[in-house]
Amino acid sequence: MQREVEDLSKSLWNVVNTVVKSPAQPELKAKREQLKVVNESVQQLSQKGVPVPEDLEKLKKTLTEEVEKADKEQVVLFFLREQLSQMLAKIEAHTGLKITHNEKEPAEDQ
């Protein structure tokens, strides 16, 4: 059982480390603002019957994909946090021990 728990822990760390490599919140906020401006520009050009430059369409697509990916990763983190909170509560109830928060990550080679 110990080995299974260690393997599970490594898998969870892999998920967390993969997800947190996505843009940080300030960078993501800037991308959202940029996407908003690009969308408005595309819409204005379209409404005026002006062809939308290919580069602008590509930028819109790239920003949309990046923002959507980050949103999906946030959902994963929120889900994982909720599940882990429930697990900790159950462990605490079973053991009678209060589990404190420890932000120390395992070594990268694990």
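The values are calculated or read from the model by the stated rules, or taken from the named source; none is laboratory data. The shown structure was predicted, so the numbers you read here are calculated from the model rather than taken from an experiment. With ideal geometry, Cβ positions are generated from the backbone for all residues, glycine too; neighbour counts draw on all protein chains shown.
Quick notes on this structure:
- Across region 1-41, the number of residues qualifying as of a type outside the set (Lys, Arg), over 21 Å from Gln83 (Cα atoms) and either out of contact with any Lys or Arg (no Cβ under 6 Å at 6 or more places or on another chain) or outside any helix (DSSP H, G or I) (or both) comes to 15.
- Pairs meeting the criteria (first residue in region 51-73 and at pLDDT below 90, second residue β-branched (Val, Ile, Thr), beta carbons under 8 Å, at least 6 apart or on different chains) are Glu73/Val19.
- Of the set (1) within 30 Å of Ser11 (Cα to Cα); (2) modelled with pLDDT under 95, all apply to Arg32 but (1).
- Flag for Lys72 being closer than 30 Å to Ile99 by Cβ and not in a helix (DSSP H, G or I): no
- Scope region 51-105; condition of a type in the set (A, V, I, L, M, F, W, C), more than 30 Å from Lys36 (Cβ to Cβ) and surrounded by fewer than 11 Cβ atoms within 10 Å (Cβ to Cβ); matching residues: Ala93, Leu97
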